[in-house]
Amino acid sequence: MRILLSLLLALPLLAGDTLTLENAELRITWRNRDAAIEQVEWRADHARFFQGPGPGAAAGTFAGEPAVADTPRGREVTFTGAGGARVVYLLPAQGHVLELVASTVPLDLLPAQAAGRVFTLEDRRIHAVAWADIVKEPFFGFLGARRKELPPAAPRLGMDAGPFAAIWHLASPPQRGPGGYLLPPGGAGRLYLGPRQESALGAFGKPFTQVLDYGFFGPLGRALYLGLTLIHAALPNWGWTLVAFSALLRLLLWPLNTKSVVQALRTRDLEPHVKALQARRKDAGGSRAEQQQEVMAFYKQNGHNPMGGCLAALIQMPVFLALYSMLGNVFELRNAPWMFWIRDLSAKDPTYVLPILLCVGMFAQQAAAPPAGDPAQRRMMLVVLPVMMLFMFASLPAGLNLYYLVFNGVGLIQTWWVTRTYRSGPVVAIDMQSR
């Protein structure tokens, strides 16, 4: 009871330390003494970022509570202190872009304890560094690796905050110091506090879409994202959008996958002849290199490229990697339901049904694949690969699980169909006496 009474008595004091304002999209809490944005809440799903000192901390201390005035453009917040110190923000009635109207004191634009990346932007280039690489010595320091530095100062700069970002677009470049970026007195600009989302960032300015990280295959990932949004225009549910997107992509890759399965089936047909050929050459005293040459000549005689199926799989690999990175950056999947127990495609499956189905589907696909190679190794992969997929996907978002489940399901149907319709071709033997 005494503890509860103490907390109640402390509430007015705590409320006097901060100022909280909100509009249709944001609820923002400023720290009175230095005008730092202490917390931002995305009202659509009550997600919070910057739990602690955030961007815009002023050098010096302000006195009293800031003044709040209603204007035709929104609510204007003015922090004042001794000697004419003044910082003014405008919170619009709609939207998630604040305006730094005026600042007569230096502002620390980004907090030193920020997580994720810090970045500065040019028109067609982004300079991004993870905070961990700035504040920590590299693991391979004994090999000469050095701690990374902050990106070069630019009028466009910001930082990640999970699926959100804080991005400044200033009227003039800030000064870069050892611990961050400082805006000199007289600075002004805009502050984006919102999602790392293509449409929202593009509305703030075209260069800011570079903040989205689609991975190593960025252009391909962005193209796939545009395809996903086109399907979503026809299918409002993001879960069914992923199902349709996965099925359509698998159909587009159908010729490559068919070639891969056919190559595996042909390799299976030729495998007994290859083993017999190797045995005869070995009995004749041939070396391993000569055996290999004989096998390659046999493949050439039969018009078969044993690496053809692998080439098809390698061509698809950039698509898979780009998709993995892209789906992890789709802000629209946050709190997006599919059906039944899947209420948030950006969170893991709470029942683990999708990862288990994915594991079963992977096992079925491995079992349906044409048998080739070492039987013992094949039996091991039949179990190891699905189990690895189960453990890997159990903690990944349900949207990724759904995508791969449908993708592998269509692949299983394709493997069954190609295997059923496949007809073995003739085998042309090589005359060893002529070689």
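The values are calculated or read from the model by the stated rules, or taken from the named source; none is laboratory data. Computed from a predicted model, the values in this text were never measured in an experiment. When we count neighbours, we look across all protein chains shown, and the Cβ atoms used for this are built from the backbone with ideal geometry, even at glycine.
Observations on the structure shown:
- Within this structure, L201 fails the test of being out of contact with any Phe, Trp or Tyr (no Cβ under 6 Å at 6 or more places or on another chain), closer than 30 Å to V129 by Cβ and free of Cβ contacts under 8 Å to residues at least 60 places away in the same chain.
- When L242 is tested against (1) surrounded by 21 or more Cβ atoms within 10 Å (Cβ to Cβ); (2) in the same structural domain as V97 (by TED's automatic domain parsing); (3) not in a strand (DSSP E or B), just one condition goes unmet, and that condition is (2).
- Scanning region 319-356 for residues being of a type in the set (A, V, I, L, M) and surrounded by fewer than 18 Cβ atoms within 10 Å (Cβ to Cβ) gives a total of 6.
- Of everything listed in (1) assigned to a helix (DSSP H, G or I); (2) surrounded by 21 or more Cβ atoms within 10 Å (Cβ to Cβ); (3) touching a His at 6+ places or on another chain (Cβ under 8 Å), the single unmet condition for A200 is (2).
- Odd one out for L224 among (1) of a type in the set (A, V, I, L, M); (2) in contact (Cβ under 8 Å) with a residue 60 or more places away in the chain; (3) under 14 Å from L107 (Cβ atoms); (4) not in a strand (DSSP E or B): (3)
- Being crowded, with 21+ Cβ neighbours inside 10 Å and either in the same structural domain as F331 (by TED's automatic domain parsing) or within 13 Å of the chain's Cα centre (by Cα) (or both) is a property that G227 lacks.
- Taken over region 207-221, residues that are more than 15 Å from G158 (Cα to Cα) and part of a helix (DSSP H, G or I) amount to 4.
- Any hit, region 181-190, residues being touching an Asp or Glu at 6+ places or on another chain (Cβ under 6 Å) and outside any strand (DSSP E or B): no
- For region 312-323, the count of residues that are more than 23 Å from the chain's Cα centre (by Cα), assigned to a helix (DSSP H, G or I), at pLDDT below 70 and in the same structural domain as Y404 (by TED's automatic domain parsing) is nonzero.
Here is a yes/no grid of residues against (1) at pLDDT 90 or above; (2) of a type in the set (S, T, Y); (3) over 24 Å from Q175 (Cβ atoms); (4) part of a strand (DSSP E or B):
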| site | (1), (2), (3), (4) |
| --- | --- |
| Q39 | no, no, yes, yes |
| A44 | no, no, yes, no |
| T61 | no, yes, no, no |
| V87 | no, no, no, yes |
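- In region 344-368, the residues that are in contact with a helix residue (DSSP H, G or I) (Cβ under 9 Å, 6 or more places away or on another chain) and either in a loop (DSSP other than H, G, I, E, B) or of a type in the set (F, W, Y) (or both): D344, L345, S346, A347, D349, P350, Y352, F363
- Residue match in region 122-134 (condition: modelled with pLDDT of 85 or more and assigned to a strand (DSSP E or B)): yes
- Close contacts from region 53-80, counting a first residue that is in contact (Cβ under 8 Å) with a residue 60 or more places away in the chain and a second that is exposed (fewer than 11 other Cβ atoms within 10 Å of the Cβ), with Cβ to Cβ under 9 Å and a gap of 6+ residues or different chains, come to P53/Q113.
- Residue within region 208-221 that is modelled with pLDDT of 90 or more and more than 29 Å from A247 (Cβ to Cβ) present: yes
- Residue tally, condition more than 13 Å from R190 (Cβ to Cβ) and in contact (Cβ under 8 Å) with a residue 40 or more places away in the chain, over region 81-101: 3
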